[in-house]
Amino acid sequence: MSPPGPDPAHSLVPAFQGKRVLVIGDVMLDRFIWGEVDRISPEAPVPVVRVRRETVHLGGAANVAANLASLGASVSIAGVVGTDAASEQIRATLSEAGIHAHLVQDPERTTTVKTRVIARAQQVVRVDRETEGAVAGGGLDRLAAHVLDGLKTSQAVVVSDYDKGVVSPDLLSAVLPAARRLGLPVVVDPKISHFGHYQPVTVLTPNQAEAARAAAMEIRSEQDCLVAARRILERLDAQAVLVTRGERGMLLLERGAAPRFIPAVAREVYDVTGAGDTVVALLALTLAAGGSLVDAATLANHAGGIVVGKVGTATVTREELVARLRAVRGEVS
């Protein structure tokens with residue numbers, strides 16, 4: 001499938017440079033323990049992993065910000081962390097990536113850390129340390145005030161909701177109407193518990209399971225997926241719904257436009273960790289650069305296809321995206 005428009009590789013992607021995007025959501029740290037397995041434990045039927053190295057990456061909303069920065073955007077992020085070592089590591093890593101961070105500290109929370117043990121390019125186990133539930137002590141009020149101020153200098157907004165307590169109905173009701181008044185495109189990576197509060201927005205990106213739950217139906221076919229997307233648009237003040245369907249690609253349903261089923265373009269899938277973060281980053285950045293929702297969905301599809309070919313939490317660069325687009329155009333020319 002050829003990218004839409006005259007040539008996104010030469011127009012939209014270079015236009016990403018310096019676009020100002022604000023990310024709001026659940027900030028996390030992704031820790032990876034890489035090792036080898038060659039035997040089963042005599043104590044229990046589990047593999048014994050011999051550790052070779054450890055790496056740390058930005059996760060959750062912070063991975064959205066990392067993808068945006070990797071693509072050349074000027075990025076700000078707003079979220080909540082604890083007062084632990086993980087929070088300091090997140091701050092330092094964001095700073096190294098050139099991302100401006102406003103992270104409210106909540107001493108009653110544990111900064112979310114997801115630790116994955118990887119052997120032979122496959123996850124063996126994941127261990128989560130986190131605090132779920134509401135942020136205490138007026139932290140969300142301080143966060144909302146910062147976000148409202150940050151909207152004034154932004155060109156697009158991403159809401160990255162991992163349902164850890166940062167994205168709340170009160171925060172959404174304060175931020176989303178303000179973004180609409182400023183004419184900013186808003187991209188939401190949703191969770192089902194807040195579905196009715198994601199309005200007004202430009203585009204929501206539920207995966208197929210989330211779309212099925214939001215529409216109160218099973219999705220077994222493309223037609224089912226289309227019916228579910230229509231139900232979501234009928235329910236919410238949103239311009240579009242982009243349903244991500246894994247190896248079946250994506251469905252973009254935009255008000256007043258014909259639905260578009262976009263086939264998957266991943267050549268090899270090693271790890272889907274963080275692929276949704278890459279998708280929302282590309283959507284927001286393409287809209288900030290003046291692209292259409294069709295352009296945004298197509299570029300997001302290609303970027304997602306790149307990151308699932310990498311093991312672990314990963315980002316995509318402009319150079320990788322341009323190379324992929326050129327390769328695709330060459331294949332179909």
Notebook entry, point to check: Taking the condition of a type outside the set (Ser, Thr, Tyr) and either touching a Ser or Thr at 6+ places or on another chain (Cβ under 6 Å) or within 23 Å of SER74 (Cβ to Cβ) (or both), does VAL157 pass?
Noted result: yes
Notebook entry, point to check: Consider THR244 against the criteria (1) within 27 Å of LEU182 (Cα to Cα); (2) surrounded by 16 or more Cβ atoms within 10 Å (Cβ to Cβ); (3) at pLDDT below 95: it satisfies all of them except one. Which criterion is unmet?
Noted result: (1)
Check: Which residue out of SER95, SER87, SER74 is surrounded by fewer than 24 Cβ atoms within 10 Å (Cβ to Cβ), under 26 Å from SER11 (Cα atoms) and polar (S, T, N, Q)?
Finding: SER74
Checklist line | Condition broken by CYS225, with the remaining ones in (1) at pLDDT 95 or above; (2) more than 26 Å from LEU12 (Cβ to Cβ); (3) surrounded by fewer than 23 Cβ atoms within 10 Å (Cβ to Cβ) satisfied | finding: (3)
Next item on the list: Name every residue in the range 36-71 that is more than 19 Å from the chain's Cα centre (by Cα), of a type outside the set (Val, Ile, Thr) and either closer than 30 Å to ARG109 by Cβ or exposed (fewer than 12 other Cβ atoms within 10 Å of the Cβ) (or both), in order of residue number.
Entry: ASP38, ARG39, SER41, PRO42, GLU43, ALA44, PRO45, ARG50, ARG52, ARG53, GLU54
Next item on the list: Determine which member of the set SER95, SER87 is touching a strand residue (DSSP E or B) at 6+ places or on another chain (Cβ under 9 Å), part of a helix (DSSP H, G or I) and in contact (Cβ under 8 Å) with a residue 24 or more places away in the chain.
Entry: SER87
Margin query: Would you confirm whether or not the range 269-277 contains a residue that is among the small types (Gly, Ala, Ser), part of a helix (DSSP H, G or I) and at pLDDT below 95?
Written below: yes
Checklist line | Output for the range 282-333, where each listed residue is of a type in the set (Val, Ile, Thr) and more than 30 Å from ALA119 (Cα to Cα) | finding: THR286, VAL294, THR298, VAL322, VAL328, VAL332
Notebook entry, point to check: Within the range 228-235, is there a residue that is out of contact with any Lys or Arg (no Cβ under 7 Å at 6 or more places or on another chain), surrounded by fewer than 21 Cβ atoms within 10 Å (Cβ to Cβ) and of a type in the set (A, V, I, L, M, F, W, C)?
Noted result: no
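The values are calculated or read from the model by the stated rules, or taken from the named source; none is laboratory data. Keep in mind the model is a prediction, meaning the values are calculated, not measured. As a convention, Cβ positions derive from the backbone with ideal geometry for all residues, glycine included, and neighbour counts pool all protein chains shown.
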